[in-house]
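The values are calculated or read from the model by the stated rules, or taken from the named source; none is laboratory data. Bear in mind that the values here come from a model prediction, so they are computed numbers and not experimental data. Cβ placement follows ideal geometry from the backbone for every residue including glycine, while neighbour counts extend to all protein chains displayed.
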Number of protein chains: 2
Amino acid sequence: MTVTKPLADFYAHVDANEAHYIDKLREVVAIPSVSSDAAYRPKVFEMGAWLEKEMQRLGIQTKRHHPGKHVMDGQELELPPIVIGTFGTDPKKKTVAVYGHYDVQPALESDGWDSDPWTLTMMPDGRMVGRGSTDDKGPVIGWLWVVEAHQKLGLELPVNLKFVFEGMEETGSEGLDDMIISMAKTEFKDVDCVCISDNYWLGTTKPCVTYGLRGISYFNMTVQGPAWDLHSGVFGGTTHEPMTDLIHLMGRLVTPDGTILVPGIMENVAPVTDAELEIYKKLDVDMSDIEASVGAKTLIYANDKSKTLMNRWRFPSLSLHGIEGAFYAPGAKTVIPAKVTGKFSIRSVPNMDPKEINEKVSKYLEAEFAKLNSKNKFKIEGSHGGKPWVGDLNHWNYVAAIKAVEQVFGVTPDLTREGGSIPVTLTFQTALDKSVLLLPMGRSNDGAHSVNEKLDKDNYIKGIKLLGTYLHQIAAIAK
Amino acid sequence: MTVTKPLADFYAHVDANEAHYIDKLREVVAIPSVSSDAAYRPKVFEMGAWLEKEMQRLGIQTKRHHPGKHVMDGQELELPPIVIGTFGTDPKKKTVAVYGHYDVQPALESDGWDSDPWTLTMMPDGRMVGRGSTDDKGPVIGWLWVVEAHQKLGLELPVNLKFVFEGMEETGSEGLDDMIISMAKTEFKDVDCVCISDNYWLGTTKPCVTYGLRGISYFNMTVQGPAWDLHSGVFGGTTHEPMTDLIHLMGRLVTPDGTILVPGIMENVAPVTDAELEIYKKLDVDMSDIEASVGAKTLIYANDKSKTLMNRWRFPSLSLHGIEGAFYAPGAKTVIPAKVTGKFSIRSVPNMDPKEINEKVSKYLEAEFAKLNSKNKFKIEGSHGGKPWVGDLNHWNYVAAIKAVEQVFGVTPDLTREGGSIPVTLTFQTALDKSVLLLPMGRSNDGAHSVNEKLDKDNYIKGIKLLGTYLHQIAAIAK
């Protein structure tokens, strides 16, 4: 693949400034911007201010969005600002929205860290260890070095950028969705595509581009019998027991091999295409890594990578989470619970519709309850949960990202999806109706929320090149 | 029924001393001997001392058994003494062991009492309202008035008595079982039968004699899958979920109409005899009272008194109590619990054997788990729970009690059983291997653990006569 002169200069500049980028990463890791601990809240603000100052130094126009206050640890606290940055407003260029977050998970050396979590520690094997290195400070500032490099080189950035950096991602992203939705027709009206760098490679040998998420529909079904809990000695055998009914209903939802028993639920699942099968065959994943993350040999398709990942990403699943109202403590209690609520959820995929899922589940369970001939009362409530999402891999946003990976890493990226939800992705998708993708910087083994979180130096430096190349590719191919 | 001269004198004496008995009941109700509250512990001791002094006044030889200390409300507390009384040791007479308790449930006027719970309040309808009036101070001191009346009349009591009055019944009877078992061959070696007055009539119009209890076998079955809880978004559909397996197994134990699905479990249930059917037909019970105690129209046999009571007392039942390890709180959590323990119990009846129940349940569930083809691990543990018990209605102990009811009340008593367990009954039965029965003094609507607990004056006075008559009947017919 030929590299244009501007990109060749950009790569050389990035390589030459490695020490500068690492110094900057050390600076931000040293600010313990833990969003989930009231005591660290000033540090989150400090980190937001650091970022804003650095953006201003680079000529990025910034504004702060203040989502207001919230209550945490019994205190009313000011939420950290969402820093919005605008770099370029040329109507002839595409505008790329970039999302990242500047808050981090908590970390204590006593948790088992091999070094101070707030001091970036360079390891001989290239690991740069420190809290926030990979989640998400490395990727966030990586975007800034793309801008900086172009300025230093006197190169014009071929796209406009719109940065959205929040400080509450690890603690529920309070205020973010509202802001994106409210600014869809103002601040974000010119956005042509969205890039999120807050996830990880599937494996450790090649980058990925993430193009889909499962949705979720969460259900509470309640069986109410007696007016109060009863003693099983006195009433066992004489009254319809809500637990018995509920357990029967919960047992009719899914089989031990994961087959969903709700009639019609699989009807709308998008059929697997040959192109998709090809994607799954090529994925960089070791089944033993997945098994290690489960910690036991309980994978349903232990020797089938494709089936395992398809069931994680592109087929629905149904999980039984628990029961509210029943006995749950250690020991023995001889209670007949009066009212019990079974909790379960369905992870949905295109082209399943949350409303239709709700209807099918409710209709089925009501019919199954009727078959029980119980005198208890039954009620089911479904949350109107998150929709599933899948991006169009043929959109220039994806084509650009894939080409950028090929150019910088010399390999075609894994095309991955996620089994769970990443709310901001869906919010951007829904509010702006533009192509969204996830382009990660770190590896699967970075330990984002664990001890000894790291970003490999190679991922950081190549990651900066990747992000810049992606922008050039967009400019080259976007329609 | 003819009444002997001594009994006629006894009845006349009891009637003449009504005011004295009520004064004494007022005295004991005024001592708030709440065993479950550390602050009231001195009052429990005071009540024990009152009882001992009163027994000594009547020539009953007493001794105190001190069970030791226990920890409650964070304090180490001395357990109140079990007062043992011996009245008569004539080897030519039968020795009747009598059990009762002198502690009471807590009571606050602010709970909704219409009068001070510690002041015996005489109502125009004959109710004597006060905490402990029926549970169990009225019955306990009723026994003493039988002794007192015979002394005053110069009549010889035709049996020996062995009293066992404890002060921790409402708070777990700590130390009682150990004492009974350890003294079986010493203090209690001459006991010929046991009478417990700590329960209630089935209804409100006629007394009962209670001759059976269901046993209980409690089970914990555990399904273990992943090494830790998993996120359903990331792992749903790829791994065997312990909750799915457990719910399937729990659903194979009992049907919504209460039919137990464990093979062979009904094999040992003693067949219903014609004599039994006759007992059930005559029982004084109003189905609307049972429905009221459930608080909802969920009775399986709503219009069938016999079926309802047979299912409570003389058929086994299986109740599902809950699950440990699963999500149980309000709200939504998308967890795949790693290890879940289902809790259920079987109420057993003669001639079911706890060991055999354990074996059948374990074998069945292990086979059902194997059918699930799950890679999770399964384990079942059964407690060696309480045995079922049923007394021989033809034993002279029962014949005497039934005749005594007929003599004092002019009706044949209800012959009742209990669906739950009353541990002291089984302990006496097992440790002494003598006939045990329950001969209650109060009515079903006395509200033993509720506000406005009462003992009807009529029940108290006739109850004293009943207890005395029972002893005379034993002397007349015991072999």
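List of remarks:
- Looking across the stretch A:429-447, the residues that are assigned to a loop (DSSP other than H, G, I, E, B) and farther than 18 Å from residue A:401 by Cα come down to A:433, A:444, A:445, A:446, A:447.
- Test: residue in the stretch B:394-402 that is outside any helix (DSSP H, G or I) and away from chain A (no Cβ under 14 Å): yes
- Per-region count, the stretch B:112-124, residues part of a loop (DSSP other than H, G, I, E, B), surrounded by fewer than 24 Cβ atoms within 10 Å (Cβ to Cβ) and touching a strand residue (DSSP E or B) at 6+ places or on another chain (Cβ under 7 Å): 2
- For the stretch B:272-309, the candidate set comprises residues that are in contact (Cβ under 8 Å) with a residue 12 or more places away in the chain, within 22 Å of the chain's Cα centre (by Cα) and within 9 Å of another protein chain (Cβ to nearest Cβ); within that set, the residue that is surrounded by the fewest Cβ atoms within 10 Å (Cβ to Cβ) is B:290.
- Checked against the criterion of being modelled with pLDDT under 95, over 16 Å from the mean Cα position of the chain (by Cα) and hydroxyl-bearing (Ser, Thr, Tyr), the candidates B:383, B:444, B:421 yield just one match: B:383.
- Selection status of residue B:352, under 19 Å from residue B:213 (Cβ atoms), more than 7 Å from chain A (Cβ to nearest Cβ) and not in a helix (DSSP H, G or I): yes
- In the set (1) at positive phi; (2) in contact (Cβ under 8 Å) with a residue 24 or more places away in the chain, the condition left unmet by residue A:249 is number (1).
- Elements of type strands (runs of 3 or more DSSP E) in the stretch B:1-99, at least 1 residues being surrounded by 20 or more Cβ atoms within 10 Å (Cβ to Cβ) and not assigned by the TED database to the domain that holds residue B:118: none
- Scanning the stretch B:60-94 for residues that are small (Gly, Ala, Ser) and closer than 14 Å to residue B:176 by Cβ yields a single hit, B:68.
One line per residue, one yes/no per condition, for (1) part of a helix (DSSP H, G or I); (2) in contact (Cβ under 8 Å) with a residue 60 or more places away in the chain; (3) in contact with a strand residue (DSSP E or B) (Cβ under 7 Å, 6 or more places away or on another chain):
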{"position": "A:131", "(1), (2), (3)": "no, yes, yes"}
{"position": "A:134", "(1), (2), (3)": "yes, yes, yes"}
{"position": "A:155", "(1), (2), (3)": "no, yes, no"}
{"position": "A:158", "(1), (2), (3)": "no, yes, no"}
{"position": "A:161", "(1), (2), (3)": "no, yes, yes"}
{"position": "A:184", "(1), (2), (3)": "no, yes, no"}
{"position": "A:190", "(1), (2), (3)": "no, yes, yes"}
{"position": "A:194", "(1), (2), (3)": "no, yes, yes"}
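- Residue match in the stretch B:167-183 (condition: at positive phi, within 16 Å of the chain's Cα centre (by Cα) and among the hydroxyl-bearing types (Ser, Thr, Tyr)): yes
- In the stretch A:211-227, the residue that is surrounded by the fewest Cβ atoms within 10 Å (Cβ to Cβ) out of those that are of a type in the set (A, V, I, L, M, F, W, C) and either farther than 23 Å from residue A:370 by Cα or at the interface with chain B (Cβ under 8 Å from one of its Cβ atoms) (or both) is A:227.
- Annotation: of all residues in the stretch B:125-183 being closer than 22 Å to residue B:467 by Cα and among the polar types (S, T, N, Q), the one that is surrounded by the most Cβ atoms within 10 Å (Cβ to Cβ) is B:133.
- Answer residue from the stretch B:189-217, given it is within 16 Å of the chain's Cα centre (by Cα) and charged (D, E, K, R) and is modelled with the lowest pLDDT among those: B:198
- Only listed residue being on the phi < 0 side of the Ramachandran plot, in the same structural domain as residue B:339 (by the TED database) and at pLDDT 95 or above, chosen from B:377, B:403: B:377
- A Cβ distance below 7 Å, combined with a sequence gap of six or more or placement on separate chains, defines the contacts here; from the stretch B:399-422, residues that are of a type in the set (Lys, Arg) reach residues that are in a loop (DSSP other than H, G, I, E, B) in the pairs B:417/B:314.
- Candidates are the residues of the stretch B:228-267 that are part of a loop (DSSP other than H, G, I, E, B) and at pLDDT below 95; the one that is nearest to the other protein chains (Cβ to nearest Cβ) is B:228.
- Scanning the stretch A:310-336 for residues that are more than 7 Å from chain B (Cβ to nearest Cβ) and farther than 17 Å from residue A:360 by Cα yields a count of 5.
Okay, residues lined up against (1) closer than 30 Å to residue A:30 by Cα; (2) assigned to a helix (DSSP H, G or I); (3) touching a strand residue (DSSP E or B) at 6+ places or on another chain (Cβ under 7 Å); (4) within 14 Å of chain B (Cβ to nearest Cβ):
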site	(1), (2), (3), (4)
A:346	no, no, yes, yes
A:367	no, yes, no, no
A:370	no, yes, no, yes
A:375	no, no, no, yes
A:427	no, yes, no, no
A:449	yes, no, no, yes
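- Residue within the stretch B:314-335 that is polar (S, T, N, Q) and not in a strand (DSSP E or B) present: yes
- Conditions (1) assigned to a helix (DSSP H, G or I); (2) at pLDDT below 95; (3) more than 20 Å from the chain's Cα centre (by Cα); number of the one not met by residue A:462: (2)
- Residues of the stretch B:51-81 classified as within 22 Å of residue B:36 (Cα to Cα) and in contact with a helix residue (DSSP H, G or I) (Cβ under 6 Å, 6 or more places away or on another chain), total: 7
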